[in-house]
C-alpha cells in the first residue's frame, strides 16, 4: 500500500489522485478525513476534494461534512474498473 502512495513519477493528474485516494479509502471500512488524505498522499486537500467530488455522483465515494466528516468508499473495490475511475475523474459527464 505505501508503495502505491509513493508513486510520484506519475505526476498529479485527476486520475492518479483518484486512484491514490481510492486506494487509501479501500484500506479500511471507516471515514477518512481530507487532512489524513493530505498527510498520507502529500496532495493538497482542496485538490483531493475536487477529485472526490467528481466520484460522488457516480456512487464511488460518499462524503460527510462537519467536524467528524470525511470520505468512505461506497463500491466494492473488486467491482469497479480503472476505466470507470478514469472516466469519472477525467470527464465532466462521468461514467453514465
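So, by mean Cβ neighbours within 10 angstrom, what's the order for 61-69, 37-45 with the highest one leading?
Working: 61-69: 11.1, 37-45: 16.1.
The packing order, highest mean first, is 37-45, 61-69.
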Length added when fully stretched, residue 81-residue 59, from 0.36 nm per residue minus Cα-Cα | 6.6 nm
Looking only at Cα atoms, what is the convex hull volume of segment 8-88 per residue, in Å³?
-> 89
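Could you tell me the calculated FRET efficiency between residue 72 and residue 39, based on Cβ-Cβ distance and R0 = 25 angstrom, to the nearest 0.05? Don't skip to the end; give the middle numbers.
On the way: r = 18 Å, r/R0 = 0.70.
Between residue 72 and residue 39 the formula returns 0.90.
Bear in mind that the values in this text are calculations on the coordinates, not laboratory data. As the structure is a computational prediction, the values presented were derived from the model and not from experiment. Please note: Cβ atoms are built from the backbone with ideal geometry, for glycine as well, and neighbour counts cover all protein chains shown.
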